[in-house]
Amino acid sequence: MAREVAEAVGVEVSGLRCADLTVGPMRIGFAAFSQSRAKSSIARAWSVWNAFFGYLVGEQIVAGNPMSAVAKPRPGRATPKPLKGEDAAERLLSAVAAGARGGRHPWPQRDLAVLAVLLLTGVRSSELLGLRVGDVAGPVGERRLLVRGGKGDADRVVPVEPPLEALLVEYLESRRIRLGSAGGVDAVLFVDHRGRPLSRNQLQYLVRQCYRVAGVSDQVERGALVHALRHTFATRLGQSGASAVEVMELLGHRSLQASQGYIKATARELRDAARSNSMYGSLRRLRSGQDRVEPLDDGAGRDDEG
């Protein structure tokens, strides 16, 4: 953006001085820069320049920060990208459970546990890769997953119901048989066939291959991949009647606004909400004759006053 600011000042970029960086040139330069950039790029540029001026003000090089007078674009709200199709998630789990992925080192118990955790707890990729064996805690039948280091380094607890608990037990037993140990409480939960922690690339490859063998690759929106499973989790919660607050807590969002996009009212829910209007009770009483309603005057027999 320095080029656009320099053009607004009328000098080469190398000739820009701090004294030239006033509100007028910054507004003009920022407007020119914004014409051919995405909102996310514009927002990043604004933040960089704002931080730069914060430094200059702190060092008393300039008197004030002109970016306060330059409008910062608001990024558009991201829309959820769950798996398309009502049964896509079920088909995915069924195919992986049947060992359809195969490969040189097939490990269906591990693959199924990975996908199930993503679909039933909504953890992010980084959170899943950071899970330890000891993060699955609590008494049998009341397990919970301690998710560490979410956005803002905020930890959260996600309930683990018995079916998912059983899958994790089966995975750890298969891990013990394969590697000679299920790992201590501090060991990374999900590992590759050599016992090394799964990497981000390995996780993405695993999920992509599972989509392919399940025949649902065309039901994954572009750019979603692993995150599509988190969005599927959240969308299913909303469809099941969870509130935005509950979705926010389970996903580890920092604001309620980020969770509201997953709450979609169905036609039945809208009808139920409309039916709860107390005025319907009054109308029923009127229609049943408990309150008499005079018939509407249709104007028959009335002189037209014209």
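Structure values in brief
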{"read-out": "Net charge of neighbours whose Cβ lies under 10 Å from the Cβ of K84, counting Lys and Arg as +1 and Asp and Glu as -1", "value": "-2"}
{"read-out": "Low-density loop positions, trypsin sites (Lys or Arg not before Pro), the range 32-93 - DSSP coil, at most 10 other Cβ in 10 Å", "value": "R77"}
{"read-out": "Area of S36 that stays accessible when all protein chains are in place (1.4 Å probe, Å², to 10)", "value": "90 Å²"}
{"read-out": "Distance from the range 193-221 to the range 76-135 (C-alpha centre basis), Å", "value": "8 Å"}
{"read-out": "Whole-number percent relative contact order across the range 136-210, with pairs defined as alpha carbons under 8 Å at least 6 apart", "value": "15 percent"}
{"read-out": "Heavy-atom accessible area ranking, 1.4 Å probe, most first, across S68, S40", "value": "S68, S40"}
{"read-out": "P(r) weight above 18 Å for the range 160-207, C-alpha pairs, percent", "value": "36 percent"}
{"read-out": "In the range 93-197, the GluC sites (Glu not before Pro) that fall in loop regions by DSSP, at most 14 other Cβ within 10 Å", "value": "E142"}
{"read-out": "Separation of the S94 and V188 label points, Cα + 7 Å toward Cβ, nm", "value": "3.3 nm"}
{"read-out": "Kirkwood hydrodynamic radius (C-alpha pairs) into Stokes-Einstein, the range 98-237, 20 °C and 1.002 mPa s, D in µm²/s", "value": "139 µm²/s"}
{"read-out": "T22 accessible area, assembled protein chains, probe 1.4 Å, Å²", "value": "70 Å²"}
{"read-out": "Three semi-axes of the equivalent ellipsoid, the range 49-165, Cα gyration tensor, whole Å, largest first", "value": "44, 20, 14"}
{"read-out": "Protein accessible area in the range 1-59, 1.4 Å probe - carbon and sulfur %", "value": "55 percent"}
{"read-out": "Area accessible to solvent at V133, 1.4 Å probe radius, in Å²", "value": "20 Å²"}
{"read-out": "Order of exposure, largest accessible area first, which applies to Y211, Y280 with probe 1.4 Å", "value": "Y280, Y211"}
{"read-out": "Exposure ranking of Y55, Y171 by accessible area [1.4 Å probe, largest first]", "value": "Y55, Y171"}
{"read-out": "Extension reserve of the R148-F52 stretch, reckoned as 0.36 nm per residue once the Cα distance is removed", "value": "31.3 nm"}
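The values are calculated or read from the model by the stated rules, or taken from the named source; none is laboratory data. Since this is a predicted model, take the numbers as computed values, not measurements. Note that we place each Cβ from the backbone using ideal geometry, even for glycine, and neighbour counts take in every protein chain shown. Ligands, DNA and RNA are stripped out before the accessible areas are found, and what is left, the full protein with its side chains, is counted by its heavy atoms. Shrake-Rupley method; radii C 1.70, N 1.55, O 1.52, S 1.80 Å.
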